1. Roughly how many debye, to the nearest 20, is the charge dipole of the chain about its Cα centre, given +1 on each Lys and Arg Cβ, -1 on each Asp and Glu Cβ, and no other charges?
2. Quick one: of the DSSP bridges fully inside the chain, what percent are antiparallel, nearest 5?
3. Can you work out the FRET efficiency for the pair residue 140 and residue 313, with r the C-beta to C-beta distance and R0 = 41 Å, to the nearest 0.05?
4. Helix-only estimate, please: 222 nm mean residue ellipticity of the chain, summing -39500 (n - 2.57) across DSSP H runs of length 4 or more and dividing by its residues, to the nearest 500.
5. With all protein chains present, calculate the accessible area of residue 153 using a 1.4 Å probe and round the result to the nearest 10 Å².
6. Calculate, in nm to one decimal, what residue 206 and residue 228 gain on full extension: separation in residues at 0.36 nm each, minus their alpha carbon distance.
7. Counting only complete DSSP H runs, which helices of the chain cover 27 Å or more along their long axis at the Cα atoms and score a mean Kyte-Doolittle of 0.0 or above?
8. Loop-only check: which GluC sites (Glu not before Pro) in segment 214-316 are DSSP coil with at most 16 other Cβ within 10 angstrom?
Amino acid sequence: MSKKRIPVILDGDPGHDDAIAWVLAFASDMLDIKAVTSVSGNVNIDQTTKNTLEVLTLLGVKDVPIARGCTKPLIGPFFDAPSVHGESGLDGPVMPESKLELCGLHGVDLMIKVLEESEEPVTLVPTGPLTNVALLLITRPDLKDKIERISLMGGGLLHGNWTYAAEFNILVDPEAAKFVFESGIPIIMAGLDVTEKSYITSEDIDKIRAVSNEVAVIVADWIDFFYKFHRDIGYLGAPVHDPVAIVALINPDILEMRELYVEIETEGEFLRGATLGDYSSLSGKAPNVTAITNIDREAYVDMIVEATKKYSEVTM
Ligand code: BDR
Ligand code: CA
């Protein structure tokens, strides 16, 4: 008997690693992808939306509603990350022209529609700033029960990557992150603590490229580009962050996790955007997060290689 698939909404700011998260998601028969929404983050919303349409065209996605989400963070100023992902957000290979269209709803309204229509709770997988998810919870708190959990990439319990204290996705919109982390919805957090261990080396890139279908070659080129920035600052490989939020749903056996109370800092001279884990249980608060702390890196690389093989028959 086939296992029931997990209904999910993918929400991201592609971004090389968002795109690879979606490669994994659409290759998996464990997920039932109900919608894909873009958010501003790595680049502005026009560009992340364009990239979303092109990535999903590449993957041969049909019949999944796609919508453009929030343009700006809830409160703070918007900033992006062209130094990491290039001016387009997906610099490197030439992408196929999009054959897909947006569904006509705002991203947050599409999330609302999916949740309203779903008979069972849906899992959200945000891999960019949490603006869309926070706005969903602010506008429709009654739909909380329709959200099974949130498996997100964001934060870092021990360090940041945009400041010493803060990781990019959280720092872009700390107020949104605070709202989401305090929502009471179960959160799986793929933070830098695990995603920097989820690095892909040049040898791994060769393995992916050797699959040699169009998706595999483009994924290899994306990681190659993404590695350039990180190689210059001493990484052993490209930290391919976002797919870990998908791994948490489809192959949690390769991960180590722990329960923790995590608070988002929105103020402070140095700490805005920090994700503070209460390791000493001094807050007296129950854990609100399942934090992923480690990964079987080899198994992670294998998952990416195997996922790309699933696209050998794709017709765009
Ligand atoms: C996160 O920021 C972006 O650059 C990546 O897409 C990832 O979601 C890592 O800090
Ligand atoms: Ca991202």
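The values are calculated or read from the model by the stated rules, or taken from the named source; none is laboratory data. In this text the structure is predicted, and so the values were computed from the model without any measurement. Here the Cβ is made from the backbone with ideal geometry for all residues, glycine too, and neighbour counts use every protein chain on show. Please note that ligands, DNA and RNA were not included when accessible areas were found on the heavy atoms of the full protein model with its side chains. Shrake-Rupley method; radii C 1.70, N 1.55, O 1.52, S 1.80 Å.
1. Computed about the Cα centre, the dipole is about 360 debye.
2. So the antiparallel bridges amount to about 30 percent of the total.
3. After rounding, the FRET efficiency stands at 0.60.
4. Rounded to the nearest 500, it is -10500 deg cm²/dmol.
5. We get 10 Å² for residue 153.
6. On the way: separation 22, 0.36 × 22 = 7.92 nm, distance 1.51 nm.
Here the segment from residue 206 to residue 228 would lengthen by 6.4 nm.
7. The answer, listed by residue number, is 214-232.
8. Numbers: sites: 214, 256, 259, 263, 265, 267, 269, 298, 306, 313; in loops: 265, 267, 269, 313.
Sparse-neighbourhood loop GluC sites (Glu not before Pro): 267, 269, 313.
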